[in-house]
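Bear in mind that the values in this text are calculations on the coordinates, not laboratory data. Note that the coordinates shown come from a computational prediction; the quantities given were computed from them, not determined experimentally. All Cβ positions, glycine included, derive from the backbone under ideal geometry; neighbour counts span all protein chains shown.
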Protein chains: 2
Amino acid sequence: MLSKKAKYALQALTLLTKEYGRGPILISDLAEKERIPKKFLESILLSLKNKGILQSKMGKGGGYLLGKPPDSITLGEVIRILDGPLAPLPCVSQTAYRKCDECEDEITCGIRPVMKEVRDETARILDGTTLSDLLNNVESLTRRRKETLVFHI
Amino acid sequence: MLSKKAKYALQALTLLTKEYGRGPILISDLAEKERIPKKFLESILLSLKNKGILQSKMGKGGGYLLGKPPDSITLGEVIRILDGPLAPLPCVSQTAYRKCDECEDEITCGIRPVMKEVRDETARILDGTTLSDLLNNVESLTRRRKETLVFHI
DNA sequence: TTAATATTCTACTATATTGATAGAATAAAT
DNA sequence: ATTTATTCTATCAATATAGTAGAATATTAA
């Protein structure tokens, strides 16, 4: 399961994507609009900043903004920063390989190839989806709902 | 990440698959062979028994055995019992749907369709892989390694 | 029917992770 | 200087994970 940290991050980033190119947004605005505890969001945004996903400006007129174009930021990138590797076992992670501690002999482990496939499919999807895609999703889903509402009047 | 519980379960089940049809195996034998803390394995096997994956026999000559044929037990089934739903968000789980607590409006959430795809691919793989497949993996990997060793003599 | 064997049940305990908060320090703008 | 915001340090509560101890129960066999 995705942690709240990662979920909150994606929510805040979606908002920052919507406002991309229009200057910095306050933490408190993001927190209020997405109903995220402000101090908690603060630490999330800071981690994202330290990894280059976000930029920040201190003082009046300051706040947070995307550190690069939204079509160059993938969900995989963001989730790995907040929740760690996507792989279900350390021994099949591409970005953070580690031997499983219990594992005697990785080469003949029958579980590994299956988990490798899970990690590859997960990475394919999440590394192939950008913040722009996320915003497009929201917009097309919102459009679709409005049409349905009109139809029902 | 898979918990140790689920990993241990799959290791023990692989062994029980190998011995399928040859009567019950002692917890202590499973624990020793797979280097799993015995008391911990005990509780894992009990959960699997309560869900019909395993059968048990008490007393002398007792132990654990598969509750149904190994080609009818999927990894998805086992992992859900020990780690809960496969889905990265409760709102995209097929077997344990719940509304995300923070989520105002699920219908227009841009994250949801992506996570739905992740859960669908994960379920496709894990519900499509059985204990027999796991054992086949081990055996073909072991064969392949032996051939390589011979080649190097 | 008693002893031995093995699972089952109840109840803990330690450690790590998750989700969050408080307050001082620092930087920028006016 | 004052105001505005992020940044840093420290801490905290709740929950989940990993593991342990020991008594209770069921089965077999002598």
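Close amide-amide hydrogen proximity is noted between B:Cys100 and B:Cys91, each under 5 Å apart and 5 or more residues distant or on a separate chain (H modeled in the peptide plane; Pro and chain starts excluded). Does segment B:1-81 come out rounded, prolate or oblate by the C-alpha gyration tensor, with a ≥ b ≥ c the root eigenvalues, rounded set by a/c under 1.5 and, if not, prolate when a/b is larger than b/c and oblate if not? In terms of gyration-tensor shape, oblate.
With respect to the cross-link table entries A:Lys33/B:Lys5; A:Lys4/B:Lys68; A:Lys68/A:Lys146; A:Lys60/B:Lys99; A:Lys116/A:Lys146; A:Lys5/A:Lys60, which display a Cα-Cα separation exceeding 30 Å?
Working: A:Lys33/B:Lys5 39 Å; A:Lys4/B:Lys68 38 Å; A:Lys68/A:Lys146 32 Å; A:Lys60/B:Lys99 38 Å; A:Lys116/A:Lys146 41 Å; A:Lys5/A:Lys60 27 Å.
Checking Cα-Cα distances, A:Lys33/B:Lys5; A:Lys4/B:Lys68; A:Lys68/A:Lys146; A:Lys60/B:Lys99; A:Lys116/A:Lys146 exceed 30 Å.
Charged neighbours of B:Leu45, selected by a Cβ distance under 13 Å, balance to +3 (K, R count +1; D, E count -1). Decide, for the protein assembly as shown, between rounded, prolate and oblate: order the square roots of the alpha carbon gyration tensor eigenvalues as a ≥ b ≥ c, take rounded if a/c falls under 1.5, and otherwise choose prolate if a/b is larger than b/c, else oblate. Verdict is prolate for the protein assembly as shown.
Under 1.5 on a/c is rounded, so check that first for chain A, then, if it is not, pick prolate when a/b is larger than b/c and oblate when it is not; a ≥ b ≥ c are the square roots of the alpha carbon gyration tensor eigenvalues.
oblate
What sits nearest the axis between copies B and A, counting only chain B Cβ atoms, is the residue and whole-Å distance B:Glu121, 2. Descending by average beta-carbon neighbour count within 10 Å, the peptides A:64-73, B:52-61, A:116-125 line up as A:116-125, A:64-73, B:52-61, the highest first.
Could you calculate the contour length gain from B:Glu147 to B:Ser56, that is, 0.36 nm times the residue separation minus the distance between their Cα atoms, to one decimal place in nm? It would help to have the intermediate numbers written out before the result.
On the way: separation 91, 0.36 × 91 = 32.76 nm, distance 3.81 nm.
Gain in length upon complete extension: 29.0 nm.
Each residue of segment B:62-78 is assigned a 3J(HN,Hα), and the resulting list reads x, x, 10, 8, 4, x, 7, x, x, 7, 10, 10, 9, 4, x, 4, 5 Hz, derived from the Karplus form 6.51 cos²θ - 1.76 cosθ + 1.60 (θ = phi - 60°), x at Gly and Pro.
Using packing as a proxy for protection, rank B:130-140, A:37-47 so that the peptide with the highest average count of other Cβ atoms within 10 Å comes first. It would help to have the intermediate numbers written out before the result.
Values: B:130-140: 18.5, A:37-47: 15.0.
Ranked by mean Cβ neighbours within 10 Å, highest first: B:130-140, A:37-47.
Rounded to whole numbers, the Karplus 3J(HN,Hα) couplings from phi for segment A:33-46 are 4, 9, 6, 10, x, 4, 5, 5, 4, 3, 5, 5, 5, 5 Hz, using 6.51 cos²θ - 1.76 cosθ + 1.60 with θ = phi - 60°, and x at Gly and Pro. How many angstrom lie between the Cα centre of segment A:51-81 and the Cα centre of segment B:48-122? So the separation of the two Cα centres works out to 34 Å.
Sequentially through segment B:142-149, phi angles give Karplus couplings (6.51, -1.76, 1.60; θ = phi - 60°) of 5, 4, 4, 5, 4, 4, 4, 4 Hz, Gly and Pro residues having no value and appearing as x.
Given charges of +1 on the Cβ of Lys and Arg and -1 on the Cβ of Asp and Glu, with all other atoms neutral, how large is the dipole of segment B:15-153 about its Cα centre, in debye to the nearest 20?
Working: 22 positive and 20 negative charges, 174 e Å.
With Lys and Arg at +1 and Asp and Glu at -1, about 840 debye.
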